[in-house]
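The structure appears right after this line, and notes come after that.
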Amino acid sequence: MDKELLLMIPGPIQPEQEVMAAMGAPVRAHYGPEWTELYNQTTAILKRLFNTQGDVFLMVGSGSCALDGCLGSAFSAGEKVLIGYNGFFGERLKAIAEGYGLNPILVDAEWGKPLNPTDFEAALQKHSDAKGICVVHLETSTTIINPIEEIGKIARNYGVCFMVDAVSSLGGLPMSMDDWNIDLCASASQKCLGAPPGLAPVAIGKHGWEWIDRNPSKGHGWYTNLRTWRKYADEWADWHPFPITMATNNVLALKASLDNLLREGVEYRMERYRSLALRLRDGLRKIGMPPFTPDQMMSPVLTAAFGPEGVPTSEIVTYLAEKHHIKIAGGLGALKNKIIRIGHMAPTVSKEDIDRVLDALSQFKP
């Protein structure tokens, strides 16, 4: 049944055929000059997407692995960090911070509204001993895009570390890590980057390393300690620039998807996603399932919408899967059973797919 499903969730996405062919290629050794060159080519493309002159590592794991590495490497137990909270994945940042014994100070906004940069400035004035700001770029639970560029300016003005969760946005939304004063940035392979799950790109800028290096004796462990990854990238650069057995087929698949992205053109793909989003939102209004956010706040890669009044949206999710072989997602946290979420962040998604989803939704009867 999974082969027949049209995957329209907020990740993982359905990759292109050549990407899956690379995933299914014979397993390769994870070391040596030939492999190292391919790995470096992959991270070089990611640097272009992050728009950074800093370092990029490919951690093996989910996006949460990358977030864990950033939070745990940059901060020490007991330190205050301001965490933007306007959705489920802001809550995830809080949980990871607490796991490291940090003292998270929530800077919140209503679910469905963007974070307000001035609230971070007010929080920094109140908590002058805070060491950092951590924010989700695209809050997948609500489809809200947070103003990370403006928040980055505040972080730099106050001299605190700025970390961004770009798990759902890298490759689908504009990103300019260095210009936006982002010190550490985490993403994942299975969303806008167009590859299967399994890899978590992490980018660290100059100031990010300064934050990581200020307290070398802090206990962080080994695997997700970004200093561990830098040590191997430096000392074993010519044959094994990472500390673990790299997931070689995942890298091959990611490289194939990134090559396709560059061939299509990053700006062209983002505009294509925007066109699909507008087509979907227009269709949702026509069938009486209005989008959760107004068009001026829309995400080009993910759309949330209300279902019929009084109907738990889990029923819509089940209906589409069982009757139309289309997989969409429901709401998370405070929005559980209140909204549906439709992902269109895959390079394989077409206008025909959007119309198929709309046709199926129009046939739903409570």
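What follows draws every value from the coordinates through simple rules; no lab data is involved. Here the structure is a predicted model, which means the values were calculated and not measured. Glycine also receives a Cβ, built like all others from the backbone with ideal geometry; neighbour counts cover every protein chain displayed.
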GNM flexibility winner over the chain from Leu258, Leu38, Leu170 (Cα, springs under 10 Å): Leu38
Sorted by Cβ density within 10 Å, fewest first, the residues Ile83, Ile212: Ile212, Ile83
Long-range amide H partners of Gly307 with built H, under 5 Å: Ile340
For the chain, calculated [θ]222 nm from helices alone, where every DSSP H run of n ≥ 4 adds -39500 (n - 2.57): -13000 deg cm²/dmol
Over the range 1-160, volume per residue of the alpha carbon convex hull, in Å³: 159 Å³
Out-of-range pairs (alpha-carbon distance over 32 Å; input Lys126/Lys218; Lys131/Lys255; Lys255/Lys338; Lys153/Lys327; Lys47/Lys80): Lys131/Lys255; Lys255/Lys338; Lys153/Lys327
Extension gain (nm, one decimal) between Lys206 and Arg227, 0.36 nm per residue minus Cα-Cα: 6.2 nm
Kyte-Doolittle mean at least 0.0 and Cα axial length at least 15 Å: DSSP H helices in the chain: 63-74, 88-99
Value in Å of the Kirkwood radius, where the range 66-167 supplies the Cα pairs that are averaged: 13.1 Å
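Determine, for Thr142, Thr36, the number of other Cβ atoms within 10 Å of each Cβ, and report the residues in order from fewest to most. Can you show the working numbers first?
On the way: Thr142 32, Thr36 19.
If I rank by nearby Cβ atoms, fewest first, I get Thr36, Thr142.
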DSSP-defined antiparallel bridges as percent of all bridges, the chain, nearest 5: 50 percent
Only Lys, Arg (+1) and Asp, Glu (-1) charged, at Cβ; the range 17-260 dipole about Cα centre in debye: 240 debye
Charge dipole (debye, nearest 20) of the range 38-183; +1 at Cβ of Lys and Arg, -1 at Cβ of Asp and Glu: 160 debye
Cα extents of the range 143-297 along the three principal axes, largest first (Å): 58, 42, 25
Stokes-Einstein D in µm²/s, Kirkwood radius over Cα pairs - the range 17-260 at 37 °C with 0.692 mPa s viscosity: 183 µm²/s
Sequence-distant residues sharing a close amide H with Ile133 (under 5 Å, placed H): Leu82, Cys161, Phe162, Met163
Calculated from backbone phi, Karplus (6.51, -1.76, 1.60) coupling profile of the range 292-309 in Hz, x at Gly/Pro: 5, 10, x, 4, 5, 10, 6, 8, x, 10, 7, 10, 10, 8, 7, x, x, 4
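How large is the convex hull of the Cα atoms of the range 265-366 per residue, expressed in Å³ as a whole number?
Considering the Cα atoms of the range 265-366, their hull volume per residue is 96 Å³.
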Rule-of-thumb Rg ratio for the range 97-228 [Cα; 2.2 N^0.38 Å; N residues]: 1.06
Whole-angstrom Cα spans of the range 249-324 along principal axes, big to small: 46, 31, 18
Least to most buried among Phe120, Phe364, Phe162, Phe50 (fewest other Cβ within 10 Å first): Phe364, Phe120, Phe50, Phe162
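Using alpha-carbon pairs under 8 Å, 6+ residues apart, how would you state the relative contact order of the chain in percent?
Across the chain, relative contact order equals 24 percent.
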log₁₀ of I(q)/I(0) at q = 0.20 Å⁻¹ - the range 142-215, Debye sum with one point per alpha carbon: -0.86
